[in-house]
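Enquirer: Can you keep this structure in mind? I'll have questions shortly.
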Amino acid sequence: MFGRTESSAMPRSLRKITERQKQMLEYLRSYQREHGVMPSTRDIQRHFEFASQTAAMSHLRALERKGLIQRHPHMARAVVFPADLKRPEIVDVPLYGSIAAGYAENQEQQADGSISVDVNTLGLARGSRVFALKVRGESMIGASICDGDVVILEAREPRPRDIVAALIDGETTLKRYLVSDGKPYLKAENPAFPDLIPVRNLEVQGVMQTLIRQVRRD
């Protein structure tokens, strides 16, 4: 029946914060942006003209109790904002050239830079051995993998129906991994391409985890 006022909609910790504590938070943020580190208690004391560093520590403890900062008890300047702890974990995934999503090709793969990805968003487990390849060809369009896409793969044992980068009889390709009568083979997701049955060996180099597509803007 009645709309909430601005004060009632605010988080409880912010409703209780004092003007001095607001100033302290702003000072911590601005100092970190300018210097790349948090200010020391002596810096805080000088800035606010406190009588002692104890007063600066008292304000920091008050902010910590309200959940507005977090401190490490045994490290100087070890103050973080809780929101900073939720930033995504970014890793650099090596890009090893391209891979045929068509007929297998005899091609040596060499590192061609890297791609920065968010581990959590892409569902990659920490410590995974991952690498990236750029797709060439249209044999996997039935699995929504198109020419020019970048696939990120994990070096692990495949399961049936995984999409894999594989070395089959000395040639590399991106296909779906299947097993029939105990024998593995590779299947395209495009009826125009035949199944690939190894004559000598089939070695899976990586299992596809996710795909990155660059949207073209005309």
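Enquirer: Go through (1) loosely packed, with under 14 Cβ neighbours inside 10 Å; (2) part of a strand (DSSP E or B) for residue 214 and report which single condition fails.
Expert: All conditions are met except number (2).
Enquirer: Filter segment 169-218 for residues that are of a type in the set (Asp, Glu) and free of Cβ contacts under 8 Å to residues at least 60 places away in the same chain; which is farthest from residue 148 (Cα to Cα)?
Expert: 181
Enquirer: Of all residues in segment 166-218, count the ones that are in contact with a helix residue (DSSP H, G or I) (Cβ under 7 Å, 6 or more places away or on another chain), closer than 17 Å to residue 141 by Cβ and modelled with pLDDT under 95.
Expert: 0
Enquirer: How about segment 31-73: which of its residues are modelled with pLDDT of 85 or more, in contact with a strand residue (DSSP E or B) (Cβ under 9 Å, 6 or more places away or on another chain) and basic (Lys, Arg)?
Expert: 61
Enquirer: Take the residues of segment 193-203 that are of a type outside the set (D, E, K, R) and assigned to a strand (DSSP E or B): which is surrounded by the fewest Cβ atoms within 10 Å (Cβ to Cβ)?
Expert: Initially, segment 193-203 is screened for residues of a type outside the set (D, E, K, R), giving 193-194, 196-199, 201-202.
Imposing the further condition that a residue be assigned to a strand (DSSP E or B) reduces the set to 196, 202.
Details: 196: 20, 202: 18.
Residue satisfying both the conditions and the ranking: 202.
Enquirer: Of all residues in segment 136-168 being open to solvent by less than 40 Å² (accessible area, probe 1.4 Å), farther than 10 Å from residue 206 by Cα and in contact (Cβ under 8 Å) with a residue 60 or more places away in the chain, which is farthest from the chain's Cα centre (by Cα)?
Expert: Of everything passing the filter in segment 136-168, 168 is farthest from the chain's Cα centre (by Cα).
Enquirer: With (1) open to solvent by 30 Å² or more (accessible area, probe 1.4 Å); (2) modelled with pLDDT under 70; (3) of a type outside the set (Ser, Thr, Tyr) as the list, and residue 123 as the residue in question, which single condition is left unmet?
Expert: Every listed condition holds for residue 123 apart from (2).
Enquirer: May I pose another question? Taking segment 169-184 on its own, how many of its residues are open to solvent by 50 Å² or more (accessible area, probe 1.4 Å) and within 18 Å of residue 101 (Cβ to Cβ)?
Expert: Counting residues in segment 169-184 that are open to solvent by 50 Å² or more (accessible area, probe 1.4 Å) and within 18 Å of residue 101 (Cβ to Cβ) gives 1.
Enquirer: So how many residues does segment 20-37 have that are free of Cβ contacts under 8 Å to residues at least 40 places away in the same chain and surrounded by 15 or more Cβ atoms within 10 Å (Cβ to Cβ)?
Expert: 4
The values are calculated or read from the model by the stated rules, or taken from the named source; none is laboratory data. Owing to the predicted nature of the structure, the values given are computational and were not obtained by experimental measurement. Heads up, the Cβs are rebuilt from the backbone with ideal geometry, glycines too, and the neighbour counts pull from every protein chain shown. Side chains included, ligands, DNA and RNA excluded: accessible areas come from the protein's heavy atoms. Shrake-Rupley method; radii C 1.70, N 1.55, O 1.52, S 1.80 Å.
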